[in-house]
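Asker: First, the structure itself, so that you have it in front of you.
The values are calculated or read from the model by the stated rules, or taken from the named source; none is laboratory data. Here the structure is a predicted model, which means the values were calculated and not measured. Don't worry about glycine lacking a Cβ; one is built from the backbone with ideal geometry, like all the others, and counts go over all protein chains shown.
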Amino acid sequence: MISIMIDLFNRLNSETFVQRTVSKGQLVFHQGDATRYLVYVLSGALVLLRHKSDGEEVIVHTARSGETLAEAALFTDHYHCDCKAAEETELVLLPLAVIRNAMREDQVFAQDFIAHLCHQIISLRTRLELVAITSAKERVFAGLTEGLHTGTIRELAAQVHLTPEATNRSLAQLVKDGRLRKLGRGRYRV
């Protein structure tokens, strides 16, 4: 039996869940694939990617431990983004039919699932506000105070939509200004 850390999905028939470990860079699904699953991240991180006309990847969302992604799959026939592991990730694929059925049959589940989605929307809005900050230094500082630095500087840079170089310069300036304390290589405290 697969045990998911939040009670919300533990109420569902876990025999239908598919638990997988994916390596960094491995695709979970491609844009255009038929929708079959909602994805729950047990550990690690997954990114949703879109591709610009020049082929450059744009991260549109990052899901970490305890978060879901591909929620729009509940109401569409195909995935609108690629999903790739940003690091080694343990995940659970939750069949959409099981989620849809639970939403119809279990009012408490439906309300709890909507609350889960609302919390994720609040988090996404916070990240959108962060990206609207024009000063790289202030954006990095806001990202740190929001708890986005959980891995490497490169990952922080991706989270705040800056280059790793601009992120490193901003970190150095924040340390120099006394707003940040460097604890070691790549480790800081506000």
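Asker: How do the pairs read when you match residues in the stretch 5-29 that are part of a loop (DSSP other than H, G, I, E, B) with residues anywhere that are among the aromatic types (Phe, Trp, Tyr), using Cβ under 7 Å and keeping only pairs 6 or more apart or on different chains?
Answerer: Arg11/Phe109
Asker: Among the residues of the stretch 63-81, write down those that are surrounded by 19 or more Cβ atoms within 10 Å (Cβ to Cβ) and either within 9 Å of the chain's Cα centre (by Cα) or not in a loop (DSSP other than H, G, I, E, B) (or both).
Answerer: Once the filter is applied, which keeps residues that are surrounded by 19 or more Cβ atoms within 10 Å (Cβ to Cβ) and either within 9 Å of the chain's Cα centre (by Cα) or not in a loop (DSSP other than H, G, I, E, B) (or both), the stretch 63-81 yields Ala63, Thr68, Leu69, Ala73.
Asker: With the condition kept exactly as written, say whether any residue in the stretch 19-31 is surrounded by fewer than 17 Cβ atoms within 10 Å (Cβ to Cβ), at pLDDT 90 or above and in contact with a helix residue (DSSP H, G or I) (Cβ under 8 Å, 6 or more places away or on another chain).
Answerer: No, the conditions are met nowhere in the stretch 19-31.
Asker: Which one of Thr150, Thr134 is closer than 21 Å to Lys24 by Cβ and either not assigned by TED's automatic domain parsing to the domain that holds Ser65 or not in a helix (DSSP H, G or I) (or both)?
Answerer: Thr150
Asker: Need the failing condition index for Glu155 against (1) among the charged types (D, E, K, R); (2) modelled with pLDDT of 90 or more; (3) under 25 Å from His51 (Cα atoms), just the number.
Answerer: Tallying (1) among the charged types (D, E, K, R); (2) modelled with pLDDT of 90 or more; (3) under 25 Å from His51 (Cα atoms), Glu155 fails exactly one: (2).
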